[in-house]
Structure formats: structure tokens, C-alpha cells
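Trainee: A single structure is presented below for examination.
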Amino acid sequence: MHEHIKERIKTVIANLNALPSMPEVVTRIINMVNDPNVDFKLVAEEISRDQAITTNILKIANSAYFSKGKEIASVEKALVTLGMKEVKDIVVVAATKQVLDKPVIGYDLAKGELWKHNVAVAMLAKKIAIDKKKKNLADLVFTGGIIHDVGKTVLAIYVASTFKDLIQSTVDNQITFAQAEQLLLGFDHQEIGQIILKKWQFPESLQNIVRYHHDADDAPQSDIEAVAIVHVANTICQMAGIGIGGDGLYYELSGKAIEATGLDDSELQHYYGITPELLKMARQIM
Ligand SMILES: [Fe+2]
Ligand SMILES: [Fe+2]
């Protein structure tokens, strides 16, 4: 254990200003959309208040992935044409891009790599949810996928100075990279991610996806399905080498997650096989 690093990380997470921030409008939209009785006019008003976000939202809404050929000229039109949950996904994409689209040195990720990885995981997770007739989870796993590795942006500099030890520890102890982070730094990128989402006041189900995306076996029963879908999508993208850095090969697929998703070997292989297509889709909103 690198005690001095653990102490430094403790100081960082105790200081909310040192953690990435999120426009308040995003937190409000995410929580509003969870309310089944919400009025879409209120959502439109809320979004339109933030001009920068509105511009980005319209750009993303008109990408082939979201628009499916329709022209979206305003936030109201987006809500009517695409639906509230799709628009929420778009809001999250627009807002998290600033946080994730940068080089993440310790994990050996060039600019754009973490962003590409998270977008691909989000798209695959959503596809799995829809294919497995869990449409009610589609927007949750998409949003969770987009932010699942956000903790890396904070942990990166500590991983950078201990990278060799971390890799050595995965080999010596036969553990995953996240477990090595935990062992040597006292925290892993899942925990830090959850702390960031708490700061942003994102719903608990999203916090659980971020917190357990490598440790699906330990996920609370209430969110096991959503966690499992993101876990599987993440592992498949890692196996396919999408936006992975130095830690990419040091994770494993959870048996409990496979059970919770109900995916069999041929389905897993199918998803692995469509990863080039997935990357093409991801580029549409990057
Ligand atoms: Fe991760
Ligand atoms: Fe990941």
C-alpha cells in the first residue's frame, strides 16, 4: 500500500472543488425524467435555460444515431420526436463530453480514447437492454455506460506514478486492475466515480452502475440487471480493444452478470462481432 498516495486521494475527495463538476441543469433533467408524471414543457424550459448545452444537444440530436433521419430543430421538437428519455441521454452525452474527452495519462489513454470507450459501452449496453426485452433499462444503462469510468479522470495521476506496481500486483495476486488500485492506492476508479456522482446528485441506480461495473457480483440486488448489462458491455468493448489503455486486459467477466443478463455464449460472441459497427455508431456522436 502506498500510504502517502492514499492520504492524498483522501484529501482530494474530501474537497468537492477538486472533483469534476457538472452543470446543475443536467442533474435536474436526470431527476425530472425519472418522475413518470413530469411535464415535457417543464423539461424543455429547463434545458433551454442553458444556451451552451442547448446548442450541443441539437447537434447530437441530429446525429444519425439519435435522429434516425428526422430533422430536430428545437429542444421541444427533440422531446416530441425522440421522447424524454432519449433527450435525457443526449443531455448526458453533451454534458459529460467535457469531463471525459481529454487525455487520461495514468491509464495511457490519449485524448478521445476514454470518451470513445464510454460512448461505445453506452451504445452496446443500450442495445443489449433492448435486445433482451429490458427496454425500461435502456436509458439507464446508456447513461451509466457514458459515465462508468469517470473515476479514472481523478485517479489517473496516482495510477501514473504507481502503474508498474499495479500491473505487478494483478499478476502476483491474480486480481483485476480495480482490485490492484484498491490494494495499493486504497481506492479504485469505481469508488471515486461513485463519489463524483454523489457530488453531482445523480440517482442511486447510476451511482451503483459506476460503483460496481467491475464488481458486478457485489452489486445490490435492486440494480443488478443494470449493473450486469453495463459490466458485460464494458468487458466486451475491452476485449475488442475499444478505447482501452494500459489496464485494459486486467479485468474479467462476472458469472453473476452473465446470469443476470441471460446472455448465452452465442449472444456474447455476436456482440463481440458487432464491435466494429459499434465504433462507427460511436463516431456519429463524437
Ligand atoms: Fe472501469
Ligand atoms: Fe470501462
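The values are calculated or read from the model by the stated rules, or taken from the named source; none is laboratory data. Remember, it's a predicted structure, so these values are computed and weren't measured experimentally. No Cβ is skipped: glycine too gets one built from the backbone with ideal geometry, and neighbour counts run over all protein chains shown. Surface accessibility is based on the protein's heavy atoms, side chains included, excluding ligands, DNA and RNA. Shrake-Rupley method; radii C 1.70, N 1.55, O 1.52, S 1.80 Å.
Trainee: Rounded to the nearest 10 degrees, what's the angle between the helix 24-33 long axis and the longest principal axis of the chain, both from Cα atoms, 0 to 90?
Mentor: Once rounded, one gets 70 degrees.
Trainee: A further question follows. Starting from the alpha-carbon convex hull of region 90-150, give the projected area averaged over all orientations, in nm².
Mentor: 3.9 nm²
Trainee: Another one. Can you pull out the trypsin sites (Lys or Arg not before Pro) in region 129-227 that DSSP calls coil and that have at most 11 other Cβ atoms within 10 Å?
Mentor: Lys133
Trainee: Rounded to whole Å and sorted largest first, what semi-axes of the equivalent ellipsoid does the C-alpha gyration tensor of region 1-155 yield via the square root of 5 times each eigenvalue?
Mentor: 30, 18, 15
Trainee: Moving on. Where only protein heavy atoms count, and the probe is 1.4 Å, what is the accessible area per residue for the chain in Å²?
Mentor: Ligands and nucleic acids excluded, the result is 44 Å² per residue.
Trainee: Counting residues in region 136-209 as N, plug N into 2.2 N^0.38 Å and put the Cα Rg over that result.
Mentor: Its radius of gyration relative to the 2.2 N^0.38 Å reference: 1.22.
Trainee: Next question, about the same structure. Taking the Cβ of Val210 as the center, what net charge do the other residues with Cβ under 14 Å away carry, scoring Lys and Arg +1 and Asp and Glu -1?
Mentor: -3
Trainee: Round to a whole angstrom and tell me the spacing of the C-alpha centers of region 1-35 and region 148-197.
Mentor: 16 Å
Trainee: Students often get this wrong: which residues of region 178-207 have the backbone nitrogen under 18 Å from the point 7 angstrom along Cα-to-C-beta of His4?
Mentor: The answer is 184-187, whose backbone nitrogens lie closer than 18 Å to the label point.
Trainee: Something else about it: If the chain between Ile175 and Thr55 were fully stretched, how many nm would it gain, using 0.36 nm times the residue separation less the Cα-Cα distance?
Mentor: So the chain would gain 38.8 nm between Ile175 and Thr55.
Trainee: Using the basic label-point model (7 angstrom from Cα toward the beta carbon), what is the Lys133 to Lys70 distance in nanometres?
Mentor: Reported label-point gap for Lys133 and Lys70 is 2.6 nm.
Trainee: Right, next: Bin all alpha-carbon pair distances of the chain at 10 Å intervals from 0 and give each bin's fraction as a whole percent.
Mentor: So the P(r) values, bin by bin, are 7, 30, 36, 21, 6, 1.
Trainee: Find the all-direction average of the projected area of the Cα convex hull for region 189-286, expressing the result in square nanometres with one decimal place.
Mentor: Reported value for the Cα convex hull: 6.8 nm².
Trainee: Related question: Please determine, in degrees from 0 to 90 and to the nearest 10, the orientation of helix 51-61 with respect to the longest principal axis defined by the Cα atoms of the chain, where the helix direction is its Cα long axis.
Mentor: That helix lies at roughly 90 degrees to the long axis.
Trainee: A further question on this structure: Of the heavy-atom accessible surface of the chain (probe 1.4 angstrom), what whole percent is carbon and sulfur?
Mentor: The C+S portion of the solvent-accessible surface of the chain is 51 percent.
Trainee: Could you check the spin-label model distance between Asp218 and Lys77? Points 7 Å from the Cα along Cα→Cβ, value in nm.
Mentor: 4.8 nm
Trainee: Measure up Lys102/Lys133; Lys88/Lys132; Lys77/Lys102; Lys198/Lys280; Lys135/Lys198; Lys126/Lys199 against 28 Å on the Cα-Cα distance and list the ones that go over.
Mentor: Correct reply: Lys102/Lys133; Lys77/Lys102; Lys198/Lys280.
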